[in-house]
1. Can you pull out the GluC sites (Glu not before Pro) in region 1-109 whose DSSP state is coil and whose Cβ has at most 16 other Cβ atoms within 10 Å?
2. Put +1 on the Cβ of every Lys and Arg and -1 on every Asp and Glu Cβ in the chain; which of Cys303, Thr79, Leu59 then has its Cα farthest towards the positive end of the dipole?
3. Which of the trypsin sites (Lys or Arg not before Pro) across region 1-105 are loop residues per DSSP, with 16 or fewer other Cβ within 10 Å?
4. Just flag the GluC sites (Glu not before Pro) in region 313-348 sitting in loop per DSSP whose Cβ has no more than 10 other Cβ atoms within 10 Å.
5. Hey, got the dipole for the chain? About the Cα centre, +1 on K and R Cβ, -1 on D and E Cβ, debye to the nearest 20?
6. Using only Cα atoms, locate the centre of region 84-121 and the centre of region 308-324, then give the distance between them in Å, rounded to an integer.
7. Classify region 16-87 from the C-alpha gyration tensor, please: rounded if a/c falls under 1.5, else prolate or oblate depending on whether a/b exceeds b/c.
8. Note down the nm distance, to one decimal, between modelled labels 7 Å out along Cα→Cβ at Thr165 and at Thr99.
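What follows is calculated from the coordinates using simple rules that are stated; it is not laboratory data. Quick caveat, the model's predicted, so the values are computed rather than measured. Cβ coordinates were reconstructed from backbone atoms using ideal geometry, including for glycine residues, and neighbour counts include every protein chain displayed.
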Amino acid sequence: MRRLSIYFLVDVSESMVGTSIEQVQDGMATIINELRTDPYALETAWVSVIAFAGKAKMLSPLEELYKFYPPKFPIGGGTSLGTALNFLMDEMDHSLQKTTIEVKGDWKPIIFLFTDGNPTDSVDQAFDRWNNKYRRHCNLIVVSIGDNVNTQLMGRISDNVLRLTETNAQSFKEFFKWVTASIKTSSVSVTDAGDDDVKLAPINGINLEKVDSEKPCVVDENFVVLLGRCQTTDKPYLIKFAKRIQKSEMMSALFDLPQFVSSYKLVGAYPINGVEYKELSETGGRQQKINTQELIGQPTCPCCGNQFGMVICECGNIFCVGEDAHSKCPWCGLEGELSQVSGSGMDLNRTRG
């Protein structure tokens, strides 16, 4: 039997923590449940899930649809798209049946790449390998979750680059319905017509747009994510801030024109699996900074409930503090009393994903 292989290549970098990764988790379950009711998909579709952050990891190897169960998505550090693409190509070399004199190989695989950020590794070698050996034999659909993706860069590897313009629960729900409909239509096409070019469903009426990837794009840094560690449990967590732009009355009066300033407002703090995070995180590379004066909000610790989840040690790392004024940094072991940050603020290391 000729298989229609469906790969989901999912960005699980730090900026996906919270609602975004939860929506993807729920969306994957919805896709599989819906496809299992479709006789064409049941006959042809095989599914695999690969997660990537600083490194790539197989979460679900290629499996028949009726046997497939959506995996739980981890969180890692970085967005190594080049590494992820190489991982995918190696996996397809290993798993897909090629056409020979004796047997017809699998249909063109369909790959859905979901990402909300820009690569933190070098992609040129992986992109060249993809374009030279795989692109004509695969259907790659790149989906930018929000506007923090360089869609012009993504146009180097796919003619189907789309952007999910809103990331609320309803938008994600409609988006995953669209993914399901696209897979169903493609399954019918290979079964009835022997045509394995992907058949994408219409995008009318949903917050999804086709991107002209030949045009330069404006990349907006929507989130700042910081890594903390619980003083009580020694477990890691991520603190997520979302960008907001407001009119500055003082600056507007000074320049006699509307002036706007940006800052980052607290979204929440989320516990993460330290082993998985380390396993999926890249090391080294350029470290971006953010000043505390640009951050609005103080989270509680998501691991133990301590009142202050973003206390900064002299070593530059973040940990939590409760009612006890005397604290010990779980990163470096330094002990001392909690004190106020100076008026100029402090520069913190941001996560890379």
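1. On the way: sites: Glu14, Glu22, Glu34, Glu43, Glu63, Glu64, Glu91, Glu102; in loops: Glu102.
Taking region 1-109 and a limit of 16 other Cβ atoms within 10 Å, the loop GluC sites (Glu not before Pro) found are Glu102.
2. Leu59
3. Values: sites: Arg2, Arg3, Arg36, Lys55, Lys57, Lys67, Lys72, Lys98, Lys104; in loops: Arg2, Arg3, Arg36, Lys55, Lys72, Lys98, Lys104.
Within region 1-105, the qualifying trypsin sites (Lys or Arg not before Pro) (loop, at most 16 other Cβ atoms within 10 Å) are Arg2, Arg36, Lys72, Lys98, Lys104.
4. Numbers: sites: Glu314, Glu323, Glu335, Glu337; in loops: Glu314, Glu323.
Answer in residue order: Glu314, Glu323.
5. Numbers: 35 positive and 44 negative charges, 70 e Å.
Charge dipole of the chain: 340 debye, to the nearest 20.
6. The distance from the Cα centre of region 84-121 to that of region 308-324 comes to 44 Å.
7. Working: a/c = 3.02, a/b = 1.63, b/c = 1.85.
Oblate is the answer for region 16-87, as a/c is 1.5 or above yet b/c matches or exceeds a/b.
8. Each label point lies 7 Å from its Cα, and together they span 4.0 nm.
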